[in-house]
Each structure stands twice: as C-alpha cells, then as structure tokens.
Amino acid sequence: MASPSILHAGIEYLKGVGPTRATALKNELGIFLQGQLLYHYPFRYVDKTAVSKVADIDKDSPELQFRGKIKQIKKIDGRGRRLVATFQDDTGMIDLVWFRGIQWAAKILVPNREYLVYGKPTFFNGTPNIAHPEIEEIKEQQSQVPVQQQESKLVSVYHSTEKLKRKGFDSKGFVRSMKQLFLKIKPDDIVEFIPAAVVEEFRLPDRYTAFLRTHFPRNQEEMQWARQRLKFEEFFLLQMRLLRLKNVRRKLRGFHFEQLGEAFNTFYEEKLPFQLTNAQKRVMKEIRRDTRRGYQMNRLLQGDVGSGKTVVGVMTMLIAIDNGFQACMMAPTEILAQQHFTGISELIDDMPVRVEILTGSIKGKKRKALLEDLAAGEIHILVGTHALIEPTVVFQNLGMVIIDEQHRFGVEQRSKLWRKNTTPPHVLVMTATPIPRTLAMTVHGDLDVSVIDELPPGRKPVETFHVYDTKRMQVFAFLQQQVDLGRQVYIVYPLIEESENMSYKDLTDGYESVQRAFPSLAISMVHGKMKAKDKEAEMQLFVQGKTQIMVATTVIEVGVNVPNASVMVIESSERFGLSQLHQLRGRVGRGADKSYCYLMSSFKLSKEAKERLKTMVETNDGFVIAERDMAIRGPGNIQGTQQSGMHGLLLANIVRDRLLLIRAREAANEIMDEDPELELPEHQTLKRYIDQMDAGKKDLEWSRIS
Ligand code: ADP
Ligand code: MG
C-alpha cells in the first residue's frame, strides 16, 4: 500500500473546507477524514449537455434543464410571500418561484445574464413554473481542474444538509472539495482488495478509476461502469464476510448426536398422524446430517405458512432427547407457545418425554419448581416465549434450540440461547416469512438454509377477494352460510401501533356489529390487551368449536392452527403489509375444506395498497408474495433486514442489482472454496481488509464508513 496519509488527513485540511465546515461535516455526515469523502456518492447526475426547450414542457415533464436568461424579477409580499423570476429561452417563458430563501435568490439573480436552470416544471393557472429550481450562472470554465475531469458533461449532485448548506457547503461544495481531493490522490493511494482474477473476470475498473468516474463521469456509460464496480465490491465484501462467518460457525464444536433412538422411532412409527411430505423428509435428512458432524448446526428452515414446519421441529427435538439432551422451542407470542405446548403434548401423548411450558405469566412457586426440574434435567422439552432467554432459566444440558417465526427475534437474542452451554446447542430457526433468494443471501448468508417447498397433500389455495366496505352485508351473508355448514370464521382488525386505544375501539366496535349481525352465534374475541389466561380461554373456545366466529387483532397472526376455520375476513386490509396479510390468510386453508379470504377496504386506496391487495388476490405463493413485497417496499423494510449487515450497502440495492449480487456471491464462493482460510498470497489484501472491517476499526481504506 502506498502512503495512506492523504486519505487519513483530517477533512479540515482539505482546501476550501476549513475548521467550521469541517465541524459541520463531522456532525452532520460523520465525515472526519478526507478519504471518507470518497464514499459520499452522488445521488444523481445532471447532464449539462441535455438542455430542454421551454416550449416542449408539458404537464408530465420530469425534471429538466433549461438554458436562458432572467428577464424580470418580482418580489411579492404579504400572504403568499414569494419571489418570481421570469426566465426565457429562445422558445418561451417560464416562472421560477422561491417561497424560501428569497433574499438569497434576489441576490444571485441578475437580469439578462445567462443561467442553467434545473427542476421539475409544473403548471399553475396554465403557465409553467419551477419552484425552487437549481440555478447556476454560466461562466467560463474554471481553470485548475485536473485534466481527467475537464471533459465532464455529467455533473454530480450530492446530498447535503440544511446546516451544511447554510455554511456554503451544498452540492456544489461537495463537487469543489471532491475536485481538490482528486488533485491530491494518486491511483496507488487506493487499495485494491478484490483479487486480480475477479477484477479480470468481471472486467471491473480499478478502484481509483471507479471512485474518480463515479464522482466525475465523462458520460453515462462510464458512470454506470464505475458505479457497477463499487456496487459489486459492496456485495462482494458482504458475501465474503458472511461466508467467513459461516465457515467459523461450521467449525464451532457441537454436540454429536450419535443415534436415532426410542423417542424418535416411536414417534415416527406410531405417533405421526400423516406421511411426511418429500420436502419434510429432505429437511429431516439435512438436519440429521448436521447433528452427526460434531459441529454446531445453524440452520434456517424456510417454509410457507402451513407447510408443516412444526412437526420437523418436534422430530428434531426428539433426536436430541434420544441422545441424552434437552431441547427447547421458542415462539414469539404466548398464544403460539401455548399452542405448540398443547400440540406437542398431544403428539407425543403417552411417550416418556416430559414437555413443559414457560412464559412470562408463569410465576411464583410454579415457576420455581419448573426451573428446578429443568436444571435437574427432568424436563425434556421446554416450550416458551422469550422468557426462555432469561438468565434464571438454566438447563442441565441443552442440546437443541428451535426458534419459530424467526423474524420476531433478533440475532442477539438468538445468541443468548447459545450461551446457555459451554458447547453451543444446535440451532434450527424456522421462518414462515419466505424471503426472496437474493435477500436470503444477504440476511441469512451465514446460515445453512433448508426449504420446505411443498405443501401437505390436499391443500387448496385460499380463494381471495378484495371487497369494498359497502358490500360488507354480502360478505356477512356468506359467513352465515359457512357457519351453517359447520365451519368457523376469523374476522381480524388491524393493530394501529401508534394508537392502541384506537385499535381497541375499532375492535370492540367491530365485535358489537358482528354480534348484531349474528345474534344466534357464539363469538370469541382476542386482543393484545387481554390477560394471557383470558386470551387462552377464548382461543380454546374457538379451537374446540364452541364459538363460531373469532374476532381478533393481529395477535392471531402467527402460527395459530384451527383446521376447521374456513373464512378469514380482514378488515381495513389496506393498512396491512403484504407479509402480514399472507400470514393472516395462512390461518385458513389448513383443513380439507375449501377456504376463503375477504380483504375489506375503503375506496380510498394508495397505489401501494392497491398493488398489495391485487397481489393477494392473484397468488397464494409466499415466495411470489415476498418478491412483490420487496419490489413494492424496497428491501430495507422487509422484516429481518434491519439486523443484517445491510448497512454496508451504500450504492448497491438488492432488488435493482440482484444479478450483480448473485455474481458477487458466486465470486466469493469460488474464493472460499479454493482458499477457505484466505492463505494464498493473492488473497492477503482481501483478508486484511475484511479482518479490519470485522474488527470494527474505523480506519479508513481498511474499513467502510457506515
Ligand atoms: P407451519 O409450517 O405454518 O408452522 P404447521 O406446522 O402448523 O405449519 O402445519 C400446518 C398443518 O399441517 C398442521 O395441522 C399439521 O398437522 C399439518 N401437517 C404438517 N405436515 C403434514 C403432512 N406431511 N401431511 C399432512 N398434514 C401435515
Ligand atoms: Mg408454525
């Protein structure tokens, strides 16, 4: 590596910055060192050669650039205070309007001088205008521009902040500073950590060129090429780190489960009430292989709602028991924990396996006795909520941890369970939120992944309808028919997170109107504010078929299993996210009968809400839904991504750049296959770079700025 001194120099020493602006750059954007500027990427580019004509403006015009003169400047005082400048090119006139920064605008605008104006034209009373345009006087090119930047037609536009702008550091401030920086940097100052073979294979520009042409592209192609390289390296680094983590994990010593014994065999041969699907069998083989290796299992089990993950979890726990270990299953809610507990107890019935449940509401003597038995190894399977994580919960020998509905638990919580032994237990994480393959790579790239891609036989897709509120009576009539056939019905109200009281009111109002509509039916109600015991009692009434309608908030979202329920009505469905809608719909269609889902909504729907409801009507496939969800909302909002290493991605976007991600993953895989410890000389720079990143060093060029 050549001298790193330039990149490491304080930002205040860069020409044109100085101490006050430096302070603002530090506080506002976390930019301390000159080299950090490199990572402050433009968020768009203005093509200085593309100049539009005023006469061509129509009401759908995007942001455009115009070249012309200011003819007249008018200040309007009083209410609606503003400054209006009439701008003219050789085809017509347009008003430029400022509501803020009026004084500034008045100062820089001079009649009859030539300006470049950039902004989105809109029409007001039939005349086109641009509010708060970007405007720049056309002057002679400044000298002192490095040779390689002179021909630039694309001008970078940078994010700045209000404070920085007030200190004269707007987008153009960044352009100026970037120029200063590139006057000093030499190609050798920028470390190339991607191995030469990969650079060559993917025809990547070198890093120096990539930075230079991202900030100062001479044309579109060059800009794309440069940005591709930077995106590739973001993906590549992320994948390298995840694969290395996976490698480390795979070498963590773990319990060796020698045998399948009494518990597993009895269950499989005598208790299992159905044939496993091929997908379930395949996953069991994968788990069996993992637990025989002598290393810790870290496996993610993905499977759509209703694909039968629970039984896989149960059989996995039985393997642990056959080998003299305890197991636990952690669920995100009390209702779900209770249901797993009941379900598992029924499944293993008179087998000599002791199952208990621990939740926050189990207290006092009962809890104490339970914890004692657990520590003495007398409890084989402990089902529970996150109460299981508490330090007072001590196992004698915990060998297997099953985590259901993983997205509710953070990585940190997961690892707390690990620490319950010196040798970490095997971990199987089950998630019903299928995520797109590219996202899985990014979020779970450190785990081994199993997929149940097959539903148990006889399942029919849930027929789904989007219905406006005005037609509720027709839906209610249909509900009555279904109940007359002996079926049961869910009616779900949204939980409004900002206002628990309001959602409670929605729910109780709804409950009353349902009661009025079905005076002869028994109705249950469950919501988050109820005591666990009451919740459970209501749930049980519904499970046992003593009530026909379940009115609930989303507490029933995950996992609840009542095969006789055949209709799901979702009120205000426009307020739900796609994955939640899919989860809710998954509560029906669990028995042999045809099932239905009604998505109720008002007429006022956003474009996204329409798209979501349409998706639900069109498909039952959780993976398709996940893909659409990601396309509609962007990856940052998908559950689970917040905890991932996604913050390393400044330019790259896993939706738009998915092909690049797959290639980066392949490149990383190839390196790790060939040289898992990164010992080859050609991988030394890469290894050091990653090690520094993982050590969390803020050292520039050895770490990214997050
Ligand atoms: P999820 O994957 O959503 O957790 P569950 O494990 O709750 O799904 O299973 C849904 C339903 O399917 C349960 O009633 C379960 O007993 C049943 N089931 C699971 N596997 C099979 C199978 N191979 N054949 C028939 N029914 C099955
Ligand atoms: Mg489940």
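Which fully enclosed strands (runs of 3 or more DSSP E) of region 1-96 have 1 or more residues being under 24 Å from residue 650 (Cα atoms)? Walk me through how you get there before you give the answer.
Numbers: elements: 44-47, 64-76, 82-89.
The strands (runs of 3 or more DSSP E) meeting that bar are 44-47.
What are the residues in region 243-259 that are in contact with a helix residue (DSSP H, G or I) (Cβ under 7 Å, 6 or more places away or on another chain) and hydrophobic (A, V, I, L, M, F, W, C), if any?
243, 257
Between a residue in region 303-328 that is closer than 16 Å to residue 351 by Cβ and any residue that is within 14 Å of ligand 2 (Cβ to nearest atom) and assigned to a helix (DSSP H, G or I), which pairs come within a Cβ distance under 6 Å, given they are 6 or more apart or on different chains?
If the second residue must be within 14 Å of ligand 2 (Cβ to nearest atom) and assigned to a helix (DSSP H, G or I), the pairs left are 314/344.
Is one or more of the residues making up region 244-260 over 30 Å from residue 324 (Cα atoms) and crowded, with 17+ Cβ neighbours inside 10 Å?
Kept after step one, since they are over 30 Å from residue 324 (Cα atoms), are these residues of region 244-260: 244.
Those left that are additionally crowded, with 17+ Cβ neighbours inside 10 Å: 244.
So far as region 244-260 goes, yes, one or more of its residues are over 30 Å from residue 324 (Cα atoms) and crowded, with 17+ Cβ neighbours inside 10 Å.
Being open to solvent by 60 Å² or more (accessible area, probe 1.4 Å), among the basic types (Lys, Arg) and either farther than 18 Å from residue 303 by Cα or modelled with pLDDT of 65 or more (or both) is the requirement here; does residue 420 meet it?
Numbers: open to solvent by 60 Å² or more (accessible area, probe 1.4 Å): no; among the basic types (Lys, Arg): yes; either farther than 18 Å from residue 303 by Cα or modelled with pLDDT of 65 or more (or both): yes.
The answer is no for residue 420.
Any idea which of 367, 288 is more than 30 Å from residue 529 (Cβ to Cβ) and more than 16 Å from ligand 2 (Cβ to nearest atom)? I'd like the intermediate steps shown before the answer.
Values: 367 fails: more than 30 Å from residue 529 (Cβ to Cβ).
Just a single option satisfies the conditions, and that option is 288.
Is there any pair with a first residue in region 346-375 that is closer than 24 Å to residue 267 by Cα and a second that is of a type in the set (Ser, Thr, Tyr) and assigned to a helix (DSSP H, G or I) whose Cβ atoms are under 7 Å apart and which are 6 or more apart or on different chains, and what are they?
Close Cβ pairs (under 7 Å, with a partner that is of a type in the set (Ser, Thr, Tyr) and assigned to a helix (DSSP H, G or I)) amount to 351/266; 355/345.
Is it the case that residue 404 is open to solvent by less than 10 Å² (accessible area, probe 1.4 Å), within 16 Å of ligand 1 (Cβ to nearest atom), modelled with pLDDT under 90 and under 24 Å from residue 554 (Cβ atoms)? Break it down into steps so the answer makes sense when it comes.
Details: open to solvent by less than 10 Å² (accessible area, probe 1.4 Å): yes; within 16 Å of ligand 1 (Cβ to nearest atom): yes; modelled with pLDDT under 90: yes; under 24 Å from residue 554 (Cβ atoms): yes.
Spelling it out, residue 404 is indeed open to solvent by less than 10 Å² (accessible area, probe 1.4 Å), within 16 Å of ligand 1 (Cβ to nearest atom), modelled with pLDDT under 90 and under 24 Å from residue 554 (Cβ atoms).
If I filter region 264-275 for residues that are more than 23 Å from residue 664 (Cα to Cα) and in contact with a strand residue (DSSP E or B) (Cβ under 8 Å, 6 or more places away or on another chain), do I get at least one hit? Before the answer, list the steps.
Residues of region 264-275 that are more than 23 Å from residue 664 (Cα to Cα), as a first pass: 264-275.
Filter once more, keeping what is in contact with a strand residue (DSSP E or B) (Cβ under 8 Å, 6 or more places away or on another chain): none.
Taking every residue of region 264-275 in turn, none turns out to be more than 23 Å from residue 664 (Cα to Cα) and in contact with a strand residue (DSSP E or B) (Cβ under 8 Å, 6 or more places away or on another chain).
Among the residues of region 200-219, is there at least one that is within 23 Å of residue 445 (Cα to Cα) and touching a helix residue (DSSP H, G or I) at 6+ places or on another chain (Cβ under 7 Å)?
Within region 200-219, one or more residues are within 23 Å of residue 445 (Cα to Cα) and touching a helix residue (DSSP H, G or I) at 6+ places or on another chain (Cβ under 7 Å).
With respect to residue 199, determine if the residue is outside any helix (DSSP H, G or I) and over 23 Å from residue 158 (Cα atoms).
Details: outside any helix (DSSP H, G or I): no; over 23 Å from residue 158 (Cα atoms): yes.
No, not satisfied.
Output the number of residues of region 542-590 satisfying the condition of being within 16 Å of ligand 2 (Cβ to nearest atom), in a helix (DSSP H, G or I) and more than 27 Å from the chain's Cα centre (by Cα).
Final tally of qualifying residues: 1.
Which of the residues that make up region 41-59 are in contact with a helix residue (DSSP H, G or I) (Cβ under 8 Å, 6 or more places away or on another chain) and either open to solvent by less than 30 Å² (accessible area, probe 1.4 Å) or of a type in the set (S, T, N, Q) (or both)?
Scanning region 41-59 gives 41, 42.
Being in contact with a Pro (Cβ under 9 Å, 6 or more places away or on another chain) and either of a type outside the set (Lys, Arg) or within 16 Å of ligand 2 (Cβ to nearest atom) (or both) is true for just one of 347, 374. Which residue is that?
Values: 374 fails: in contact with a Pro (Cβ under 9 Å, 6 or more places away or on another chain).
Result: 347 is the single residue among 347, 374 that is in contact with a Pro (Cβ under 9 Å, 6 or more places away or on another chain) and either of a type outside the set (Lys, Arg) or within 16 Å of ligand 2 (Cβ to nearest atom) (or both).
Considering only residues that are in a helix (DSSP H, G or I) and more than 15 Å from residue 182 (Cα to Cα), look in region 202-222 and name the one that is most open to solvent (accessible area, probe 1.4 Å). Reasoning before the result, please.
Taking region 202-222 as the starting set, the residues that turn out to be in a helix (DSSP H, G or I) are 207-215, 220-222.
Adding the requirement that they be more than 15 Å from residue 182 (Cα to Cα) leaves 220-222.
Values: 220: 83, 221: 129, 222: 28 Å².
Among those that are in a helix (DSSP H, G or I) and more than 15 Å from residue 182 (Cα to Cα), it is 221.
Among the listed residues 585, 590, which satisfies the condition of being open to solvent by less than 40 Å² (accessible area, probe 1.4 Å) and touching a strand residue (DSSP E or B) at 6+ places or on another chain (Cβ under 9 Å)?
Values: 590 fails: open to solvent by less than 40 Å² (accessible area, probe 1.4 Å).
None of the others qualify; the one that does is 585.
The values are calculated or read from the model by the stated rules, or taken from the named source; none is laboratory data. The structure displayed is predicted, hence computed values, not measured ones. When we count neighbours, we look across all protein chains shown, and the Cβ atoms used for this are built from the backbone with ideal geometry, even at glycine. The area values use the complete protein model at the heavy-atom level, side chains included, leaving out ligands, DNA and RNA. Shrake-Rupley method; radii C 1.70, N 1.55, O 1.52, S 1.80 Å.
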